[in-house]
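Dumping the structure here so I can ask a few things about it.
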Amino acid sequence: MSTSASFGHPQSPTAPRRTAAKLGLALAALTLLCACSAPGMKMTTRASRPGDKVELGGLTLSLYPMTPELVSTMAAQRVPTAPSLSGLLRGKLDPYRIGPQDVLLITVWDHPEISLPMGPNRTDPSSGSVVDEDGLIYFPYVGKVKVSGHTVGEVRELLTAQLANTLRNPQMDVKVIAYRSQKVYVGGDVRNPAVYPVTDVPFTLAEAVNRAGGFLPTADDSHLLLVRDNLAWKLDFHAILAMGTKAGQVVLQDGDSLQVPNITEEPVYAMGELVKPGTIPMTHGRLTLARAISEAGGIQTMSADATSIYVIRAGNGPKVANVFHLDARNPAAMVLADKFALDPRDIIYVDAGSLVRFGRVMSLILPTISAATETGYDLAGIRYLTKHP
C-alpha cells in the first residue's frame, strides 16, 4: 500500500510531471545563483580609461589596462637613482679612535726599562696596556694619560711630548693589539652572523658583509636594514656598490646593527589559474610579470582565461589598490609582461575561463540533482513526495 503526504492533500496523477517541471525551474534558478557566485575568485573589472575607479569589497580600485604606453611610463619612473644615504656617506674615512677596553702596545726604543718584557715582539694582549672605563692608561714616567677618543698617532705624540720631560728625544711606537671598545652586530641571512669588532680597517658595508662570510643564497640583498640609534635605513647592496667610491662609503660605527632579510619576507604572490600558484621571491629586488608567470609554471592552458591576467598592488592607504590588467590572447602581449616590473607583495591573479567556471558550478549542483531524484523532494518548496513501493 502506498502512502502520500502533501500537507493534507492527496497526490494527483499529474504530480510527477508538475514536480519535474518545478524541479527544472528550481535547478535553473540554482544554476544562475551559482553562476553569480561560482567557486573561486572572480575579477570582472575592466578599465575603459587608465585610472578608472571602482568600489569593490570595501576597496577603492584604480584600474589600468597594461598598454605599451603605460609600461613605458612606469619603466621610466623606475630608473634606478642613487639611494638616499643621508648621514651614512663619508667622503673621507676617519682613522680609528681608541676607546675603553682597547689594549695598546707601547714601545719606547732604546729604553727597555720602560717597555714591558719582550719589547717590540710582544703581541699578547695581556702584555699590553688596557684602556680603563674612564679612557685612561698608566705609563711609566708619565702617569695616567687620557687616550680615549684619540687616534694612535695622537696618543704617540701626546706620550712623546710628556716623556720628553724625563728622557731626551724619546722614540716611541704605539699600536692597538686588541680592539674591544667598538662593536657592530651583523645578523640575518649571512653565513656567520655575530658581533664584530670595529678595527683600524674601515668598517664599510662591504667589509661587514665580507667579515660575516657573505650572503646566503636565501638573502635579500636589496633590502638590508641598518639601524643606528633611533634611525633606520633600507639599503640596496648592489645599488650602493654601483655608486662606486667617488660617492663616498657607507661606514658602520659602534652600536650599529645590520640585518639581512630572507627573500621570502617580501615575495610576490601568484594566484589563480597557474600551474604552480604560490609565493615567488624576487632576485636582487627585481622581478617582472613574465618571469613570475614562468616561475609559477605558466598559466593553465585548459582552464585559464588569457584575457584576464591581473596585477594587484597596494595603493596609498589601507583601502586603496591599483589593478593592472593584461589581455594576453596574443602571445606577443607577454613582451609587455616582460617589461612590467613587479613590487614586493604584488598579487598576480589569473582568472578562469567561463566554461571552466560553468563546470565548477555544475560540480556543485549535480549532487543536489542526485539527492532530489532519490528523495522526490520538490525543490520549488511545494511538497515532499514519498516513494511508492
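The numbers here are math on the coordinates, done by the rules we state, and not lab data. This one's a predicted model, so the numbers in the text were calculated from it and none came from an experiment. Using ideal geometry, Cβ is built from the backbone for each residue, glycine included, and neighbour counts are taken over all protein chains shown.
Can you figure out the FRET efficiency of THR288 with ARG329, using R₀ = 25 Å and their beta-carbon distance, to the nearest 0.05?
Result of the calculation: an efficiency of 0.80.
Let me ask something additional. Could you work out how much longer the chain between GLN162 and ARG313 gets when fully extended? Use 0.36 nm per residue separation minus the Cα distance between them, nm to one decimal.
47.6 nm
Another question, then. Taking the simple approach of a point 7 Å from Cα along Cα-to-Cβ for both THR73 and ARG49, what is their distance in nm?
Taking the simple label geometry, THR73 and ARG49 are separated by 1.2 nm.
By count of other Cβ within 10 Å, fewest leading, how are SER148, SER308 ordered?
Fewest to most other Cβ atoms nearby, the residues stand as SER148, SER308.
When the chain is fully extended, how far beyond the present Cα-Cα distance does ASN322 get from GLN253, taking 0.36 nm per residue of separation?
Extending this stretch completely gives an extra 20.8 nm.
Still on this model: Kindly state, to the nearest 0.05, the FRET efficiency for LYS175 paired with ALA206, given R0 = 30 Å and r defined as their beta-carbon distance.
The calculated FRET efficiency here is 0.75.
State whether segment 100-245 is rounded, prolate or oblate according to the following rule on the C-alpha gyration tensor (a ≥ b ≥ c being the square roots of its eigenvalues): a/c under 1.5 gives rounded; otherwise a/b larger than b/c gives prolate, and the remaining case gives oblate.
Verdict is prolate for segment 100-245.
Quick one: which of 284-291, 218-225, 134-141 comes out on top by average Cβ neighbours within 10 Å, and what's the full order, highest first?
The densest-packed peptide leads the list: 218-225, 284-291, 134-141.
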